[in-house]
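Taking it in order: structure first as structure tokens, then the write-up.
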Amino acid sequence: MKIVDAKVIVCCPDRNFVTLKIVTDQGLTGLGDATLNGRELAVAAYLSEHVAPWLIGRDAHRIEDIWQFLYKGAYWRRGPVTMSAIAAVDTALWDIKAKAAGLPLYQLLGGASREGVMVYGHANGRDLAETVEAVGRYLEMGYKAVRAQSGVPGLDTAYGIAKGELYYEPATKGLPEVQVWSTEAYLDFAPRLFEAIRERHGMDFHLLHDGHHRMTPIEAARLGKAVEPCRLFWLEDPTPAENQEAFRLIRQHTVTPLAVGEVFNTIWDCKDLIQNQLIDYIRTTVVHGGGLTHLRRIADLASLYQVRTGCHGATDLSPVCMGTALHFDLWVPNFGVQEYMRHSEATDAVFPHAYRFEAGYMHPGEAPGHGVEIDEALAAKYPYDPAALPVARLRDGTVWSW
Ligand code: CS2
Ligand code: MG
């Protein structure tokens, strides 16, 4: 089955998405997400200029060979742009292979290891009271796991405070917005937030929080220790993970479970963290982790160390990524939880999909392939609209991790 076309589709139904559509000589098509928030056009160009011409004429069934060809053949390996481009090709080819077999993708991966995929939702508020209320709304919607992010007293902005109820888009039109951050203000406040949530809603649900890369290792150790009585499911991205060793200091001081990996692109970014038992959940996902072919390798390594998966699933990862991740989640033996930040109605209309939410769990559906399609005519009505993620500065002007 030969590849006869590889088309890059860029659209902006409420936010920018980059999608690769591969077409075969037997009329089968496959979709892959290649969206890298704030750097969308870099991946689109990588695909259309440097990858699509290579794909024409190749056997669409040779997924592993094409993966190795694009990874080793690039010479310049790894990194978010390269691995998002490879991920889009890989995902589209798995979609085609499953459609050719007439099976939902999870069946090709080895079948279902569970009845449904537990997902977490995103409760947030401008202050403690609003956030406590928002957690209640998610529990009423049937969620078994809820992430809580709140505005911090004394700070105008903080990560994770959404403008919409169910979806969150941090990128703003035009140039990056500069947000002032203070870890001291946050550390003095955060433990009170989780105490208030547990006091109000009890312990019978999973409570998650995203530190969003903003603490030093010792600050993260302090927060992890302070919130132990609140039994967090995980404290995510407590500190930047370029230096994987940094997590050893956090581990020395707290038993709060740690999750990391949404910005990781290859197994090399997390090998030491996993092998040294420095994390409990790996958050790498399909679109930024080199596709299913590579994500399975990361999950298999993690399973040796009882590290479970917790795939990234933010609004800026398209429904193609979400659909594919849910097939992975239904199969992967060391599954933990799946992030599910919803998409806007306009996005859902451009990307019709088989996956569904039911009482805190999701199911990818039984459609052949990954179950997500694209309405190209509708997508064409939403041209690309430049937007950028914010940049954080400390009160003295120092650039910090957003
Ligand atoms: C976040 C994301 O969902 C998360 O855990 O860390 O919202 C992240 O900020 C965005 O995906 C960045 O584009
Ligand atoms: Mg995160």
*Please arrange Trp268, Trp402 by counting, for each residue, the other beta carbons lying within 10 Å of its beta carbon, fewest first.*
Trp268, Trp402
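Compute the Rg to Rh ratio over segment 108-367 from the alpha carbon atoms, using the Kirkwood formula for Rh, and round to two decimal places.
Values: Rg = 17.5 Å, Rh = 18.6 Å.
Over the Cα atoms of segment 108-367, Rg/Rh equals 0.94.
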_Size-normalised alpha-carbon gyration radius of segment 124-248, reference 2.2 N^0.38 Å_ = 1.06
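Can you check what the net charge comes to around Phe335, using other residues whose Cβ is under 14 Å from the Cβ of Phe335 (Lys, Arg +1; Asp, Glu -1)? Write down the numbers at each step before the final one.
Working: positive: Arg114, Lys144, Arg283, Arg296, Arg308; negative: Glu115, Asp280, Asp300, Asp329, Glu339.
Overall, the nearby charge balance is 0.
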*Computed lengthening from Ser401 to Arg200, 0.36 nm per intervening residue step minus Cα-Cα distance*: 69.2 nm
*Say each of Thr172 and Asp385 gets a label point 7 Å from the Cα, pointing the same way as Cα to Cβ; how far apart are those two points in nm?*
1.5
*Estimated inter-spin distance, Glu130 and Glu64, nm [label 7 Å along Cα→Cβ]*: 5.1
*Just need the relative contact order of segment 103-174 here, percent rounded to a whole number, with Cα pairs under 8 Å and 6+ apart.*
26
*Could you estimate the translational diffusion coefficient of segment 6-133 from the Stokes-Einstein equation, with Rh from the Kirkwood formula over C-alpha pairs, at 37 °C and 0.692 mPa s, in whole µm²/s?*
198
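Please arrange His50, His363, His343 by counting, for each residue, the other beta carbons lying within 10 Å of its beta carbon, fewest first. If you can, show how the numbers build up before the last one.
Numbers: His50 13, His363 22, His343 25.
Sorted ascending by nearby Cβ count, the order is His50, His363, His343.
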_Under 23 Å from the Cα of Lys2 - lysines, other chains or at least 8 residues apart_ = Lys21, Lys72, Lys97, Lys99
*Which order do peptides 34-40, 270-276 fall in by mean Cβ count within 10 Å, highest first?*
34-40, 270-276
*Check cross-link reach from Lys271 to the aspartates and glutamates: straight Cα distance under 14 Å, and skip same-chain residues fewer than eight apart.*
Glu242, Glu245, Asp280, Asp300
*With runs of 4+ DSSP H residues as the only contributors, calculate the mean residue ellipticity of the chain at 222 nm using -39,500 (n - 2.57) per run, divided by the residue total and rounded to the nearest 500.*
-10000 deg cm²/dmol
_Pairwise FRET efficiency - Ile56 versus Asp188, Cβ, R0 = 51 Å, nearest 0.05_ = 0.30
*Report, to the nearest 10°, how far helix 319-331 tilts away from the longest principal axis of the Cα atoms in the chain, using its own Cα long axis and a range of 0 to 90°.*
80
*Straight distance only, please: which lysines reach the Cα of Lys144 with their own Cα at less than 26 Å, same-chain residues fewer than 8 apart left out?*
Lys163, Lys225
_Length gained when the stretch Glu49-Val180 is fully extended (0.36 nm per residue, less Cα-Cα span)_ = 43.3 nm
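For the chain, what is the relative contact order in percent, using Cα pairs closer than 8 Å and at least 6 residues apart in sequence?
Working: 924 pairs, mean separation 90.3, N = 402.
In percent, rounded to a whole number, it is 22.
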*Neighbour-count order for Trp181, Trp54, Trp76, Trp94, fewest beta carbons within 10 angstrom listed first*: Trp76, Trp54, Trp181, Trp94
*Helix 128-140 versus the longest principal axis of the chain: what is the Cα-based angle in degrees, 0 to 90, to the nearest 10?*
50
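Only the coordinates and a few stated rules stand behind these numbers; no lab work does. Small disclaimer: the values here were computed from a predicted structure and weren't measured. Note that each Cβ is placed from the backbone with ideal geometry, even for glycine, and that neighbours are counted across all protein chains shown.
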